[in-house]
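Taking it in order: structure first as C-alpha cells, then the write-up.
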Amino acid sequence: MKFVRRNRMQETVELNITAFMNLMVILVPFLLITAVFSRMTVLDLALPSLDAAANQKTDEKFYLQLTIDKDQYSFKDGRTGLLLKNITRTEENPNWNEFDIFIRRIKSKFPDSQNVSLLLNKSVNYRTMINVMDHVRSYDDVVAATLETYDLFPNISIGEASEKLNSAELLPAKIGDEL
C-alpha cells in the first residue's frame, strides 16, 4: 500500500472590509454633524464668610443685598442694612418685569457697583435661585437692530437668609424712594 501525500497549498482568505469602510466614511461625518455637544457654563460664586462685613472694601459706595423669600424679593443696601424695596412674588407669577426695572434703576444710580449678595430662604427652590442669578447678572437689550448684553451685578455671593427681621429693616430707606 502506498500512501500518497498530497501537498496542497491552501490559499489564505482575505477579509473584504471595503463595504464596512464605505459605511464608516459616511457614518462618522453624519454622527459628528448631528451630535449635540453640551456646553456647560460655570459661574464663579463666593460664599460669604462669618466676618463678611469686616472684609468688605471701604471704597465701595454701594453693596446690593437681595433676600429671596417664598413670597417676596427684598432689596437692601448691604452696607447699611436699609430696605430699598420689597417686590411680591409667587411661584406662578415671579414678577420679573418689576424686578428687572428696579435692578436696572439701582445699576443706573450706582454704575460702579459690581457685587450682589443673594440670601436665600430655605423654602426657595433651585430653579428660582438660578433665574434670580440670571436676572441679576446681566440683561439683553436691542440696540440698532442688534442684541446687546449689559452687565448689572456679575459678582454674586450666595448665603442663607435669616428667619428674623428687625423692625427697623421693615421701613424703606430714602434711597429706595428715590429709585
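The numbers here are math on the coordinates, done by the rules we state, and not lab data. Just so we're clear, the structure is a prediction, and the values are computed from it rather than from any experiment. Please note: Cβ atoms are built from the backbone with ideal geometry, for glycine as well, and neighbour counts cover all protein chains shown.
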Next item on the list: Provide the net charge surrounding Asn125, with neighbours chosen by a C-beta distance below 11 Å and charges set as Lys +1, Arg +1, Asp -1, Glu -1.
Entry: +2
Margin query: Taking R0 as 45 Å, what FRET efficiency do you get between Glu91 and Val143 from their Cβ-Cβ distance, rounded to the nearest 0.05?
Written below: 0.85
Notebook entry, point to check: What number in nm² do you get for segment 69-147 if you take the convex hull of its Cα atoms and divide its surface by four?
Noted result: 6.2 nm²
Check: Which cross-chain or sequence-distant (5 or more) residues have an amide H under 5 Å from the amide H of Leu152, H modelled 1.01 Å from N in plane?
Finding: Ser138, Tyr139
